[in-house]
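Presented below is the structure to which this report refers.
The values are calculated or read from the model by the stated rules, or taken from the named source; none is laboratory data. Everything numeric in this text was worked out from a predicted model, so none of it was measured. FYI the Cβ positions are ideal-geometry reconstructions off the backbone, even for glycines, and counts take in every protein chain you see. We work out accessible area using only protein heavy atoms, side chains counted, and drop any ligands, DNA or RNA first. Shrake-Rupley method; radii C 1.70, N 1.55, O 1.52, S 1.80 Å.
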Amino acid sequence: LVLVNVRHRTYVFDVFDIVVCLLCFYWCGHCFSIGTEKFIDNLLNLVDCEPSFLLGAVGECRCWYLFPTLQCVLQVQCLPLPAGVRDTIGSILQQQRVKELVFAILIAENQLITLLRPKKHSLYPQDLHLVFNLVDASTSFRTAESWTPICLPKFDNSGYLHAHVSYLEDDCPACLLLLSTDKDKFFSLSGCKKNIVEKMKGHGCIQAINDSLARESYRIEQVGIPDLRHFVYKSKGTLQYTAPRITRPYTEVEDRTRLMGLYQYLHHRIHSSVRPLKILFHVGSKETVLGWVTPGFELYAVFGPLVTKPVAISSVNKLLRWIKREEDRLFILSSQVY
């Protein structure tokens, strides 16, 4: 337990170094003169419980902002939505785009719903996590349409974009960010947002988002695998991950902390620079855990304490088939481009 806690602290500080350094150096220096504490506090809360941070930021990528050839493996989680709904929202963003718009990003509760981007440019997970933190750390965006500068250092570390930030509706937790390089286009993007909301309401998309958020992701019981308690699946091709809602027996803070520590232990052992592994099965006093790494995915699964390795491997294969069937609901397989 002590070893897991030490590793946990090491990983947290690795991620904290990355994100806070970026935030303070590139963003805060340009955009804010006071009031940055809440953004940093929010980041500290995220790195302690967010699988993308705990299982994504490893030592070899801690200086990617100085050495761009090193790739960080942070990933984002998407809001589970029927593929047809997500495609409809993407099409609406595409149809209502004005020429001043560079990126359109729709998020809800630190989950990506969809985005619109230029054909020759991508939004990296590092930049999306900065966007998540900006929205999650501030309650002022809920009261009115806002216009704020934001630096996305992986996209362009030499300047910043101007973001129109607003929630779709008062009773909808989804937040829409419309990003432009022109500081004088607030009203143009405000009109764009109104058109987007009108179209989304007409197609039932806002109700679909609210329904998905009300379900609080999916439950492990939906997978239908006995003794499987929780899992984290990371898709390397999409830079996205999925995980079910954390439920019993991990409802208490202490139990959740142990769960994240187990995931980190697996991740550390599998990605060891001394002896990297492709698969690892670990038996603990309260659960058994299995980690599996391939060129296409990483999977970390937690089972009951009496599950054997053959049973765990068989269950993981069933889990992979379930994820394959549900992938167009769990992941954004292709984003809208212009």
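Protein chains only, probe 1.4 Å: how do T88, T288 rank by accessible area, largest first?
Most to least solvent-accessible, the answer reads T88, T288.
Could you work out what % of the accessible surface of the stretch 208-338 is carbon and sulfur, using a 1.4 angstrom probe and leaving DNA, RNA and ligands out of the count?
Carbon plus sulfur share of accessible area: 53 percent.
Loop only by DSSP, 13 or fewer other Cβ within 10 Å of the Cβ. Give me the GluC sites (Glu not before Pro) in the stretch 179-225 that pass, ordered by residue number.
Counting only loop positions with at most 13 other Cβ atoms within 10 Å, the GluC sites (Glu not before Pro) in the stretch 179-225 are E216.
Only loop residues by DSSP count here, and only those with at most 11 other Cβ atoms within 10 Å; note down the trypsin sites (Lys or Arg not before Pro) in the stretch 226-306 that meet that.
Hits after loop and neighbour filter: K278.
Find how much the distance from I279 to D156 grows on full extension, using 0.36 nm per residue of separation minus their present alpha carbon separation; answer in nm with one decimal. Could you put the intermediate results ahead of the total?
Values: separation 123, 0.36 × 123 = 44.28 nm, distance 3.73 nm.
Fully extending the segment from I279 to D156 adds 40.6 nm.
What residues have an amide H closer than 5 Å to that of Q77, excluding those fewer than 5 places away on the same chain, when H is modeled at 1.01 Å from N in the peptide plane?
Distant-sequence amide H within range of Q77: L112, Y241.
In terms of solvent-accessible area of protein heavy atoms at a 1.4 angstrom probe, what is the ranking of D171, D127, highest value first?
Solvent-accessible surface, decreasing: D171, D127.
If you average the alpha carbon positions of the stretch 294-325 and of the stretch 193-250, how far apart do those two centres end up, in angstrom?
20
Where does each of F187, F231 land when they are ordered by accessible area, with a 1.4 Å probe and the largest first?
F187, F231
To the nearest 0.05, what FRET efficiency results for D182 and R321 with a Förster distance of 35 Å applied to their C-beta separation?
About 0.15, to the nearest 0.05.
Apply the Karplus curve 6.51 cos²θ - 1.76 cosθ + 1.60, θ = phi - 60°, to the phi angles in the stretch 301-314 and return the couplings in whole Hz, x for Gly and Pro.
Computed from phi, the couplings for the stretch 301-314 are 10, 10, 10, x, x, 9, 6, 8, 4, x, 5, 4, 5, 4 Hz.
Hand me the trypsin sites (Lys or Arg not before Pro) from the stretch 118-190 located in a DSSP loop with no more than 16 other Cβ atoms within 10 Å, in residue order please.
On the way: sites: K119, K120, R142, K154, K183, K185; in loops: K119, K120, K154, K183, K185.
Answer in residue order: K119, K120, K183.
Using the heavy atoms of the protein chains and a 1.4 angstrom probe, tell me the accessible area per residue for the stretch 240-338 in square angstrom.
About 52 Å² of surface per residue is accessible.
Please list the non-local residues whose amide H lies under 5 Å from the amide H of K236, H modeled 1.01 Å from N, same-chain partners needing a gap of 5 or more.
Result for K236 returns F297, E298.
Give me the compactness ratio for the stretch 218-309, meaning the Cα radius of gyration over 2.2 N^0.38 Å.
Normalised Rg, Cα atoms only: 1.06.
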